[in-house]
Amino acid sequence: MYDDVTIRPADRTEADAVAAMWDEAAARLKEKGIDQWQYPPNREKIADDIRLGHAYLVVDGPEYLGTITVDEFADREFWLPGDMPDNALYAHRIIVRAKAAGMSLGSSMLDWASRKAATLGKSWLRVDAWKTNPNLGRYYESQGFEHVRTVDLPHRRSGALYQRRAGAVTAFGPRYLALETMLLDENGNPDRGWTSDA
C-alpha cells in the first residue's frame, strides 16, 4: 500500500519505461478479453510527449507505479467547436501498473490532472475512452466525469467522450506530491510554463 506517491514529469531517458507500462497494461486487458491497446506503443509519440513536457510518471522512490499524459490538444474528430475545445485539458495514456492496483491511484492521477487544468485556467478535464470498453466509461463516471457523447468513427477505436469540471477532486487515492510549479513572468503572472524541483 502506498500512502504517498510522487507525480513528476518524465525525462528523456524514461520513454521505454512508459512504453513498458503500455505493454503491461495491454497484456492485462487482453487477458480480460478487452481489445484496447492491442498494438505496440508509439514510442515516437511517447518521446515527443516527454520532450514537450506532457508525459508524467507516478513513482514511489525509484518504483514506477503509473503514468499519465496531459496536454491542450483537442482531437478535432471528437471535440466540436461548440464544446469550446480550447477550454479544457486532455488526459491520455492513463496507466496504473498491476502492482498498484486497488489503491485508487487512477483517482489520484485524475485529481492531479483536474487541479492542473484549473491552474491553467481551463474549465474542464477531458478524456476520450475506448468505445468497446464500457467498464472504463463506468470508471470515469465513478470519478465524477459525465458522458458527453460517443463519436463512432470506423477508423477510430476511441470515441467515448467524458469530462469533469477542472478543479473537482474525489480524494479517493493516495496523497501525491507534484514536483512541478508554474513559472511566473516578471509581473508575477502565470506564463504557462512549468518547472520541476525533481
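The values are calculated or read from the model by the stated rules, or taken from the named source; none is laboratory data. Bear in mind the structure is a predicted one, so any value in this text is a computation, not a measurement. So basically every Cβ, Gly included, is an ideal-geometry build from the backbone, and we count neighbours across all protein chains shown. Keep in mind that these areas ignore ligands, DNA and RNA; they rest on the heavy atoms of the full protein, side chains included. Shrake-Rupley method; radii C 1.70, N 1.55, O 1.52, S 1.80 Å.
Here are some notes:
- Less than 5 angstrom separates the built amide H of T150 from those of L161, all sequence-distant by 5 or more or on a different chain.
- Here the extension length gained between R12 and R165 equals 51.9 nm, from 0.36 nm per residue of separation less the Cα-Cα distance.
- With all protein chains in place and a 1.4 Å probe, the accessible surface of region 1-104 carries 52 percent carbon and sulfur.
- Assigned charges on the beta-carbon of Lys, Arg, Asp, Glu; the chain dipole about Cα centre (debye): 640
- Column: log10 I(q)/I(0), Debye, Cα scatterers of region 14-54, q = 0.26 Å⁻¹: -0.82
- Euclidean distance of C-alpha centroids, region 135-170 and region 48-115, integer Å: 13
- Percentage of interatomic Cα-Cα distances in region 1-100 larger than 24 Å: 29
- When every Cα-Cα distance of the chain is counted in 10 angstrom steps from zero, the calculated P(r) takes the values 9, 35, 41, 14, 2, 0 percent.
- Close amide H contacts of A166 (hydrogens built in the peptide plane, cut-off under 5 Å, sequence separation of 5 or more or a different chain): W124, L125.
- Rg to Rh quotient for region 82-156, alpha carbon positions, Kirkwood Rh: 0.97
- Relative to the Cα centre, the charge distribution of region 61-145, modelled as +1 at Lys and Arg Cβ and -1 at Asp and Glu Cβ, gives a dipole magnitude of about 280 debye.
- By the combined test of axial Cα extent (at least 24 Å) and Kyte-Doolittle hydropathy (mean at least -0.5), the qualifying DSSP H helices of the chain come to 15-31.
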